[in-house]
Every structure is written in structure tokens, then in C-alpha cells.
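K.L.:
Just passing along the structure, written as C-alpha cells.
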Amino acid sequence: MELSLSSSLHSNTPCFIPLSRNLSPCISRQNLVSSSTSSFLRRNLTERVSLKNNKYLIRYRRRLIMRSQSSTVINDDDDDGFIIQGVPHLTDFLPDLPSYPNPLKKSQAYAIVKNTFVSPKDLVAENNIIQKGSPRGVHFMRAGPREKVYFLPEKVRACIVTCGGLCPGINTVIREIVCGLSNMYSVDDVLGIQGGYRGFYSHNTVHLTPKVVNDIHKRGGTFLQTSRGGHDTKKIVDNIQDRGINQVYIIGGDGTHKGAAAIYKEVESRGLQVSVVGIPKTIDNDIAVIDKSFGFDTAVEEAQRAINAAHVEAECVENGVGIVKLMGRYSGFIAMFATLANGDVDCCLIPESPFYLEGQGGLFEYIEQRLKENGHVLIVLAEGAGQEYIAQSMKAGNGTDASGNRLLSDVGLWLTQKVKDHFTNVRKMTINLKYIDPTYMIRAIPSNAYDNIYCTLLAQSAVHGTMAGFTGFTVGPVNSRFAYIPINRVTETQNIVKLTDRMWARLLASTNQPSFLGKPEYLQGKFDKETMDIINRMQITSI
Ligand SMILES: Nc1ncnc2c1ncn2[C@@H]1O[C@H](COP(=O)(O)OP(=O)(O)OP(=O)(O)O)[C@@H](O)[C@H]1O
Ligand SMILES: O=P(O)(O)OC[C@H]1O[C@](O)(CO)[C@@H](O)[C@@H]1O
Ligand SMILES: [Mg+2]
């Protein structure tokens with residue numbers, strides 16, 4: 001069940017593997033940690049003890065254990081830095097839970113499949129660029145059906161909830177969870193929680209059947225409605241218990257996954273047989289580890305219409321300036337990929353890359369240069385770009401939304417005004433500026449064909465994982481292979497465009513825009529030390 005996706009959009013983050021609280025009796029302590037434990041392992045063990053509630057922090061060197069329903073022990077005598085990062089399982093806190101043969105083999109869909117079940121030994125490498133002799137790195141459990149399930153289909157009561165902002169493809173995920181549960185596992189009791197997390201305790205539920213969700217994937221938005229804020233873990237879990245729900249499918253972004261992790265922990269502390277799975281959703285593509293998030297492709301495609309319109313407007317007048325603002329609160333992926341895809345954009349501005357307006361190497365100089373060379377100029381910017389400059393020059397509010405996300409000032413309007421002021425008043429030039437803000441239009445649409453397939457694989461992977469008893473996990477493509485990933489891996493960091501990676505360089509090479517790195521005084525405090533060191537060592541021939 002693989003989908004061929006383009007290569008990972010981001011590089012790796014630090015990684016840990018889980019230590020199940022109750023290891024199977026067949027795995028002795030000695031098996032876990034050999035006498036030649038490295039200092040690295042000892043350090044992580046110490047950290048593990050000191051980090052409250054973090055049981056995902058341990059690395060085995062000689063013998064590697066993967067916790068699965070069959071408690072498989074994988075021996076690795078080569079000491080080659082092979083790390084397995086599994087996900088929690090219901091039997092970690094309910095050791096006597098019975099298992100059953102997976103009914104999938106008898107399903108119409110899978111009857112003919114040669115390797116119906118994914119072996120617990122099948123792993124997905126986080127890093128697929130390796131060098132001979134280097135540590136083999138982190139591996140996740142491959143997603144897919146397992147030989148044993150921990151739920152009898154007739155006893156399953158699943159629920160689905162969607163949280164956070166909209167994103168193309170949410171309805172496809174909902175539809176495919178419902179159809180996957182029904183068609184593959186004969187599970188027909190699926191509840192839709194309406195209006196996001198708070199819907200668990202403030203709304204009625206809707207019964208979801210394949211018939212009810214049949215054509216929802218043709219529509220944008222979420223059939224279940226969504227919300228920000230309103231995450232009361234105890235009330236949510238009370239409600240899960242009261243309703244007899246035992247599988248919880250949570251579709252949402254980084255905030256939603258933090259909420260899902262809290263629900264999973266509460267479920268575990270109450271000793272409930274409830275599997276909790278997150279399905280990563282974000283238009284901004286800011287979720288760590290996975291290759292990219294669903295709906296991103298659709299959004300980038302839709303953004304082309306706005307960019308093309310701005311280009312037409314700009315090139316049809318004298319000194320035409322087109323400005324398009326796209327989504328991207330902390331991560332500029334949409335703007336970066338929409339720019340790369342378009343080819344007409346002269347300059348892309350993203351939150352991760354500080355820029356400045358005045359002086360040598362600044363945006364005004366570049367705009368003037370393009371107007372002289374080409375007669376018009378086209379700028380794409382992410383909504384989170386340049387927020388600090390707006391704060392300096394305007395009285396910007398520092399409010400937050402219901403989920404605690406910072407409310408942004410409109411950088412598009414701000415830049416529009418700055419450009420007009422500069423060219424009219426300072427340069428005494430007549431320019432013709434058009435500003436297009438298609439913000440919500442790129443995310444409120446149905447997903448394209450590619451994203452529909454992606455959403456289907458995500459949903460089916462989630463269904464197989466919960467039926468197999470995994471919990472506290474999320475699912476997504478890692479180097480094009482679907483994997484089960486511990487939730488904390490996607491909440492501890494955010495995926496951002498790294499200026500030191502090649503993709504941003506590719507964009508600069510494509511637009512030929514300034515890198516805005518020529519004035520170090522603008523950059524202080526904006527990067528980590530490593531990046532700042534690189535910038536200070538840089539030898540660029542032009543700025
Ligand atoms: N730290 C947290 N702990 C528990 N719940 C949280 C946390 N952060 C956010 N949530 C809850 O998750 C839900 C969605 O969060 P948020 O609005 O930040 O969107 P998101 O999931 O990050 O998606 P996106 O950023 O793509 O819109 C909200 O209901 C919010 O209350
Ligand atoms: O107006 P809303 O619904 O809060 O959503 C806006 C935000 O949602 C996102 O699409 C995803 O977090 C951001 O890019 C954007 O800032
Ligand atoms: Mg978010």
C-alpha cells in the first residue's frame with residue numbers, strides 16, 4: 001500500500017525509540033540493554049529517568065527490540081546505529097487484552113493479496129540518504145494490516161473528529177476511515193464528533209455510514225465542522241467513556257496532535273481499551289517527520305490561479321507590481337512551492353527568511369531593478385513573513401486565537417503601502433500595484449486527485465493501526481512509505497523551511513532574488529547559532 005510521493009520536503013530531526021512500560025515476559029532486561037551499553041545510551045537512559053512522562057527516550061545499540069503485538073526481538077549484532085522508534089500498544093497498559101485473527105484475509109479486497117499482513121520486522125527509514133559506514137538511524141514501524149487485531153469488529157465503536165483550520169482532503173479522510181472500517185473490518189458503528197474537540201461535550205454526534213459519507217470528498221471543508229480551542233482533556237475522555245467509544249480518529253495539525261497526546265495519556269491512566277490515532281492535517285505543511293501533509297499539493301495548485309492573475313495584471317501595465325499573499329503562519333512552504341511551480345515570480349518572502357526593504361540588497365532596490373529590466377515585478381509572500389517589521393512600524397496587536405496561535409498582521413497590505421510610498425514619494429516613479437489575497441480560497445476547496453489518493457492511504461493506514469491495537473500514534477508518509485510515528489515526534493518540533501537546506505537555494509536560483517543575508521544587523525537573533533555561523537562565514541559574490 002505505497003504511494004509514490006515526491007522526496008521529503010524537510011530534513012531529519014532528533015529521534016528516540018519507545019520503551020514499553022510493560023515489556024513482554026519473553027524479553028528480559030538483559031536482552032534490552034547489553035553490557036556494552038554506550039555512553040550515548042547511558043546519557044539517554046539518564047535523560048529518560050529525568051524526563052517526566054517521556055518514555056520514548058532510549059537507544060539500544062547491540063540488541064534492538066521492537067514492541068509489537070508479538071513482542072518480536074530483533075537482534076542486531078553489527079552495532080550499526082540502527083534505531084527503531086515504535087509506537088505504544090494497548091497491551092502496554094492492558095497486558096491481558098485478548099487478540100484475534102485479522103478478518104482482513106477473508107475480506108473481498110484482500111483475499112488475493114500475497115502478503116496480506118505487514119511483518120513487525122518491516123521498518124521505514126527516516127533518513128534515506130546514507131553513507132557507507134554511517135549509523136543507520138531511526139526507523140519507524142511500517143503502516144498496514146497486522147496478523148492479529150485487538151478488537152472484535154462487532155465491539156468497535158469508533159469516532160472521528162476534525163480540529164484546527166480547514167485543509168483540502170479532510171472529507172476524503174473522513175470518508176475513507178468510515179469506508180475502510182466497514183469494507184475491510186465490517187465495523188459499522190462510527191460516530192462523527194461535530195465541531196472539533198469541544199464537540200465531544202457540547203454537540204450531538206452523527207452516525208457515519210458509507211452511505212452518509214459517500215460523496216463528501218467532492219466538497220471542500222469538513223463534513224463534521226471544526227473549531228479551535230475547547231480542549232478539555234478530562235471532559236473529552238469522560239465523554240469517550242460515557243459513549244462507549246473505543247477507537248478515536250483525530251484529524252488535525254500540530255495543536256490537535258498535542259491534544260491527541262493528552263487524550264491518549266488520560267485514556268492510558270484510566271486503563272481504557274481505547275486506541276487514539278492522529279491523522280496529520282495542515283495546509284501549512286508544518287508537521288515534522290512526514291514527507292508532506294495532505295491538501296498541500298492542492299493548495300499549491302490553487303495558488304497558481306492567484307499568482308497568474310497577479311502576473312497578467314502586472315505585465316499589462318507600465319511599471320506593474322503584483323503582490324500575492326498566501327497562507328503560512330510560521331512555515332513558508334506554500335509560498336515557496338507555489339513560487340517554484342509558477343516560474344513568473346520574481347521574489348518570494350517567507351517567515352523563515354528575514355528581509356529588509358531599504359538600501360543595498362533590499363527589496364525596494366530589487367523591485368526597481370526588475371521594473372527597469374522587465375517592466376513589471378511579481379512578489380509572493382507568506383502571511384507570516386516580515387511580522388517583526390510590521391510590529392516595529394505599526395501598532396500591531398499581539399492577540400492569539402482560541403487555540404493560542406498568534407494573530408498575524410496583514411503583511412500583504414503593509415507591504416503594498418510601503419512599496420507605494422517608496423516609489424511614489426521617494427523615487428517619484430509611477431507604479432501600478434495590484435494586491436491579491438486568495439488566502440482562504442486555496443484551502444476551502446476539494447482535494448485534487450493526488451491528495452485524494454494520499455488521504456485514502458492515510459485513512460486506511462490509521463484503521464489498520466487502531467485495529468491492531470496501536471495507540472498514541474500518528475500516521476504518514478516517510479520517504480514515500482506509510483509509517484506509524486509516535487505522536488511526540490510530530491509535536492516536539494515544527495517543520496519549517498530551512499534556509500541552509502537545498503530547497504530554498506533552489507528557489508533563489510530559480511527567481512534570482514536577493515537572499516537578504518547581506519546585512520547581518522538584520523539577522524541577529526533570527527537564527528540558531530549554527531545557521532548564524534554559516535551566514536557569518538558566507539562568501540557571496542553579490543547580495
Ligand atoms: N498544547 C495543547 N494541548 C491540548 N490541546 C491543544 C494544544 N494546542 C492546541 N490544542 C487543541 O487542538 C485544537 C486545534 O489546534 P489549532 O487550532 O492550533 O490547530 P492545528 O491542529 O494546529 O491545525 P492548523 O494549525 O493546521 O490549523 C484546538 O481545539 C486546541 O484547543
Ligand atoms: O482563520 P483561521 O481559520 O484561524 O485560519 C488561519 C490559519 O490557519 C492556517 O491555514 C493553518 O494553521 C494558517 O496558515 C492560517 O494562519
Ligand atoms: Mg497549527
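The values are calculated or read from the model by the stated rules, or taken from the named source; none is laboratory data. Note that the structure is predicted; figures quoted are calculated from it, not measured. Cβ: placed from backbone, ideal geometry, glycine included. Neighbour counts: every protein chain shown. Heavy atoms of the whole protein, side chains included, go into the accessibility calculation; ligands, DNA and RNA do not. Shrake-Rupley method; radii C 1.70, N 1.55, O 1.52, S 1.80 Å.
K.L.:
Can you tell me which of (1) within 16 Å of ligand 1 (Cβ to nearest atom); (2) crowded, with 18+ Cβ neighbours inside 10 Å is the one residue 402 doesn't meet?
P.N.:
Checking residue 402 against (1) within 16 Å of ligand 1 (Cβ to nearest atom); (2) crowded, with 18+ Cβ neighbours inside 10 Å, the one that fails is (2).
K.L.:
Counting only residues that are within 13 Å of ligand 1 (Cβ to nearest atom) and assigned to a loop (DSSP other than H, G, I, E, B), which one in segment 271-289 is surrounded by the fewest Cβ atoms within 10 Å (Cβ to Cβ)?
P.N.:
288
K.L.:
Another question, if that's okay. Taking residue 381, is it in contact with a Lys or Arg (Cβ under 6 Å, 6 or more places away or on another chain) and of a type in the set (A, V, I, L, M)?
P.N.:
yes
K.L.:
Another question, then. Go through segment 382-401 residue by residue and tally those that are at positive phi and at pLDDT below 90.
P.N.:
Looking only at that region, the number is 0.
K.L.:
Among the residues of segment 258-270, is there at least one that is assigned to a loop (DSSP other than H, G, I, E, B), under 16 Å from the mean Cα position of the chain (by Cα), within 16 Å of ligand 3 (Cβ to nearest atom) and more than 19 Å from residue 150 (Cβ to Cβ)?
P.N.:
no
K.L.:
Now, a different point. So residue 248 fits all but one of (1) away from ligand 1 (no atom under 12 Å from the Cβ); (2) open to solvent by 40 Å² or more (accessible area, probe 1.4 Å); (3) within 22 Å of the chain's Cα centre (by Cα); what number is the exception?
P.N.:
The number of the failed condition is (2).
K.L.:
Can you pull out every residue in segment 90-109 that is surrounded by 16 or more Cβ atoms within 10 Å (Cβ to Cβ) and of a type in the set (Asp, Glu)?
P.N.:
92 - this is the single residue of segment 90-109 that is surrounded by 16 or more Cβ atoms within 10 Å (Cβ to Cβ) and of a type in the set (Asp, Glu).
K.L.:
Still on this structure, I have one more. Has segment 430-446 got any residue that is outside any helix (DSSP H, G or I), modelled with pLDDT of 95 or more, closer than 15 Å to residue 292 by Cα and within 16 Å of ligand 3 (Cβ to nearest atom)? So that I can check it myself, show each step before the final result.
P.N.:
Within segment 430-446, the subset outside any helix (DSSP H, G or I) is 430-438, 443-446.
Subset that is modelled with pLDDT of 95 or more: 430-438, 443-446.
From the residues that got through so far, the ones that are closer than 15 Å to residue 292 by Cα too are none.
Within segment 430-446 (the criterion being outside any helix (DSSP H, G or I), modelled with pLDDT of 95 or more, closer than 15 Å to residue 292 by Cα and within 16 Å of ligand 3 (Cβ to nearest atom)), the answer is no, since none of the residues qualifies.
K.L.:
Which residue is farthest from residue 490 (Cα to Cα), if the candidates are limited to segment 293-346 and must be in a helix (DSSP H, G or I), open to solvent by 10 Å² or more (accessible area, probe 1.4 Å) and within 16 Å of ligand 1 (Cβ to nearest atom)?
P.N.:
Among them, the one singled out is 300.
K.L.:
If you go through segment 477-505, how many residues are among the small types (Gly, Ala, Ser) and open to solvent by less than 10 Å² (accessible area, probe 1.4 Å)?
P.N.:
Pass one, segment 477-505, residues among the small types (Gly, Ala, Ser): 480, 483, 505.
Those left that are additionally open to solvent by less than 10 Å² (accessible area, probe 1.4 Å): 483.
So the answer is 1.
K.L.:
Within segment 241-256, how many residues turn out to be within 16 Å of ligand 3 (Cβ to nearest atom) and under 14 Å from residue 231 (Cβ atoms)?
P.N.:
Residues meeting the conditions: 6.
K.L.:
Considering only residues that are within 13 Å of ligand 1 (Cβ to nearest atom) and closer than 15 Å to residue 216 by Cβ, look in segment 162-193 and name the one that is surrounded by the fewest Cβ atoms within 10 Å (Cβ to Cβ).
P.N.:
Filtering first and then ranking leaves 166.
K.L.:
Pick from 255, 196, 220: which is small (Gly, Ala, Ser), open to solvent by 20 Å² or more (accessible area, probe 1.4 Å) and in a loop (DSSP other than H, G, I, E, B)? Lay out the reasoning, then the answer.
P.N.:
Numbers: 255 fails: in a loop (DSSP other than H, G, I, E, B); 196 fails: open to solvent by 20 Å² or more (accessible area, probe 1.4 Å).
On inspection, the qualifying residue turns out to be 220.
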